[in-house]
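What follows is a short report on a single structure.
A short reminder: the numbers here are calculations on the coordinates, not readings from a lab. Please read all numbers here as calculations on a predicted model, not as lab measurements. As a convention, Cβ positions derive from the backbone with ideal geometry for all residues, glycine included, and neighbour counts pool all protein chains shown.
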Amino acid sequence: MSIKIFLVSTLTLLLGTSAFSQITVANTQTPSQLVQNVLLGFGVTATNITVNGSPLNSTNVQGNVTYFDASGTTFPIPTGVLLTTGNGIAAIGPNNSGGFTNNTPATANVSSDPHLNAIANASPTNGVVLEFDFVPSGDTISFNYIFASEEYPEWSPSSFNDAFGFFLWGPGISGPYTLAGYPAGGSNLAIIPGTSIPVTINNLGPGAGQYPAFYANNIGGAAYGTAIQYDGGTVLLSANATVQCSQTYHIKLAISNVGDQSLDSGVFLEANSFSSEAIEVAVATVSGDTTVLEGCSTADLMFIRPQSQNGDTLIVTYDITGTATEGVDFPSLQNPIIFLPGEDTIVLTINPLADGISDNWEYITITATTITICGDTIFSTGTLYILDSVNIQINEPDPFVMCANDSVFAFVTASGGLSPYSYTWNDPNNQIGDSAYLSTVFGTLSGSIDYIVTATDVCGYAGTDTVTVTLNQTLAVDTTVSYASAPCDNTGAVSAFTSGMTGTPYYQWTGPGAGNPNFIDATVWQNLSPGWYYFTVTDNVCEANDSVFVDVTPPPIANFTQNPQIGCSPLNVSFTNTSQNATNYQWNFDGTIVNVNNTNPQTQTFTNSGNIQLIAFDAAGCSDTTYNSVTVSVCGCTDPTADNYNPLAVVDDGSCFYPQPIIYVPNVFTPNNDLQNDVFFIDVQNAADLEFTILNRWGGIIYEAKGLNSAWNGYVLGGNFAEDGTYFVTYTVTAIDGTLLTGHGFVQLISNK
């Protein structure tokens with residue numbers, strides 16, 4: 001059995017959760033550091049860490065192996081390692097895109113990876129492959145993960161079957177995934193719970209129609225809030241395997257796009273969850289320094305065992321040592337603790353008692369012992385310090401003001417206690433907060449003024465200090481005002497208001513309009529372009545400064561839509577004016593000018609193609625122009641064989657109609673070589689094709705013909721001349737428009753032979 005122990009300060013309840021609602025992603029650790037410092041838990045050692053086959057000793061330049069922090073969000077995994085097909089920053093929420101892609105610079109090509117290929121049933125494209133060897137101390141290995149993707153839900157299932165896998169090789173492991181040095185093959189740990197089916201876009205998702213309990217729809221943040229960008233993913237899943245103690249195994253964590261390089265996918269690996277049988281003891285407080293205060297803050301003692309081992313009852317005994325006495329300095333704790341089947345976390349609270357004794361500080365050391373199934377003994381310890389009082393210190397730089405304005409800005413920071421701190425000032429306005437604008441004494445050209453600031457920490461401990469403001473004189477720039485500039489002309493202006501001058505003041509403006517001759521020795525400067533302007537006033541003692549920004553009024557934007565764009569003459573077209581920041585408009589409809597002062601729709605009739613121009617003017621006379629065109633065509637029947645053929649038409653409107661065939665079938669012919677009526681033929685007009693067949697009185701075919709000019713000269717198919725008599729004729733005529741007309745008749749053959 002294995003458990004984890006954490007000491008977590010419940011001062012979080014006093015401070016509140018993180019103000020951030022999205023995950024953060026950092027690419028400051030090497031892949032090796034991410035495995036060693038973040039992913040691994042107790043009971044596992046790792047070596048030979050590579051990414052895409054290379055032992056990277058620097059941060060991953062592609063950014064697809066990164067650290068993520070989801071603290072304070074609703075994402076199920078607080079911290080861990082993120083593997084993505086694109087850049088890790090693309091995973092940052094909220095979900096505000098239905099198809100987000102960020103793989104610049106391009107992520108690694110893993111198209112040759114046979115194991116991803118086998119899972120996706122297609123060739124992978126870009127992604128990442130993280131591999132390492134590890135030695136477990138127990139007989140199991142497990143870690144927690146969530147797979148998420150922008151392919152969901154539209155492309156589930158589809159040919160874009162983005163895939164990932166946790167491929168494991170080593171003693172006792174066998175499977176279909178081959179790797180040199182492991183003749184029994186390897187297995188994939190990333191499978192749908194209760195099955196042997198890999199977790200992929202096609203196998204687990206809204207379109208797969210199966211395993212809905214393991215799919216999380218995140219459109220609009222439905223599943224994960226504003227934490228991540230991906231449209232969907234899995235619930236928190238666990239990868240598990242039975243291993244052999246102290247043996248070397250190889251694992252490959254891989255993910256890739258399939259079919260294209262668009263729509264990112266990612267797999268989130270929970271920090272410290274890659275572990276074997278061991279007890280982990282960790283001390284964590286909000287302050288980050290493993291300390292709590294008597295009578296103020298508490299700490300949670302959490303016992304956690306892996307989900308893969310929570311099917312039975314587990315009794316855990318731990319040791320408490322140190323200078324703090326259980327039952328005196330803090331209430332007695334339950335020991336041993338009992339995990340019932342299905343229970344993976346037990347929380348005990350350490351609440352240091354305020355005993356009023358000045359004993360400076362004491363400490364508690366928690367020691368947990370794990371004896372693995374292999375017989376190895378593993379000790380884990382964590383220490384928590386208990387303070388009975390704190391000394392609040394205030395860092396307060398004393399402002400020295402050469403030219404004091406109406407107030408002087410001061411900023412202080414406190415330390416030594418437990419944050420957050422509250423601050424109060426004894427200035428005339430009784431300000432609060434770590435910064436204040438302190439009033440000065442007008443008319444005093446030099447001297448100092450003291451202000452008292454008090455800092456109080458969350459436990460009520462307080463400290464005070466003095467902020468001394470040293471003054472020189474009272475010259476001040478009270479305020480500056482700006483007036484926006486038109487986008488097509490320099491119409492901006494600035495103005496400054498000063499007070500407290502000693503002697504004759506001198507004014508100076510600088511900025512983009514420095515070529516203006518009025519910029520020196522005046523409080524007002526006109527006819528300016530947009531930009532920052534800087535003002536200085538100098539008197540007989542010193543100078544004061546301020547700045548102001550001249551904005552630009554929004555320029556007019558000419559724009560319109562039209563319906564339709566093309567059509568047959570005459571064409572009625574409606575124009576909708578969608579311009580912005582304008583007051584007057586000039587339309588030019590292919591030479592027809594229309595001036596209006598509104599955005600009402602315009603309608604014009606066109607008999608020929610032409611160009612349209614719209615000019616939008618604002619009140620200052622600035623303008624913007626846009627163009628479009630209308631394509632007008634003569635429409636009609638363009639087939640010269642039709643009855644209603646229009647030689648001027650360039651677009652066929654489907655109105656063509658054609659004459660019907662005229663068919664004449666002779667009933668006698670005399671093939672006697674007298675050059676009169678020697679052949680039988682069917683006279684057809686207004687037709688595209690003709691077929692006819694001659695049959696004898698017994699229904700046998702003696703002759704077949706095809707073509708408008710075909711004829712029968714009296715010879716039968718065998719080559720002999722037909723006997724005199726009556727023959728049956730059937731025919732099929734193809735009209736010009738493709739219509740088929742059929743008929744029959746009789747013909748008398750008289751040869752006079």
Efficiency by 1/(1 + (r/R0)^6): what FRET value for Leu236 and Thr325, r their Cβ-Cβ distance, R0 = 51 Å, to the nearest 0.05? 0.80
Working note, the range 121-256: Cα radius of gyration (Å, one decimal) and Dmax (Å, whole number) are 15.9, 47
Using the beta-carbon distance between Ser435 and Cys542 and R0 = 22 Å, what value does 1/(1 + (r/R0)^6) give for FRET efficiency, to the nearest 0.05? 0.35
Cut-off 12 Å (backbone N to label point 7 Å along Cα→Cβ of Thr641), residues of the range 719-753: 734-739
In Å, what Rg and Dmax follow from the Cα atoms of the range 160-230? 15.6, 47
Note down the nm distance, to one decimal, between modelled labels 7 Å out along Cα→Cβ at Ala522 and at Asn667. 11.5 nm
Additional length obtainable on full extension of the chain from Ser655 to Ser419, 0.36 nm per residue less Cα span: 76.5 nm
Under 5 Å, built H, 5+ apart or other chain: amide partners of Thr498: Asp478
Spatial separation of Cα centroids for the range 520-541 and the range 143-193, in angstrom: 68 Å
Across all Cα atoms of the range 662-749, Rg and the largest Cα-Cα distance (Dmax), in Å, are 12.9, 39
Please compute the Cα-Cα pair-distance distribution of the range 566-677 with 10 Å bins starting at 0, giving whole percents from short to long. 12, 26, 17, 13, 11, 6, 5, 5, 4, 1, 0
Where Rh is the Kirkwood radius over the Cα pairs of the range 17-270, the temperature 25 °C and the viscosity 0.890 mPa s, what D in µm²/s does Stokes-Einstein return? 136 µm²/s
Going by C-beta contacts inside 10 Å, put Cys635, Cys568 in order with the fewest on the left. Cys568, Cys635
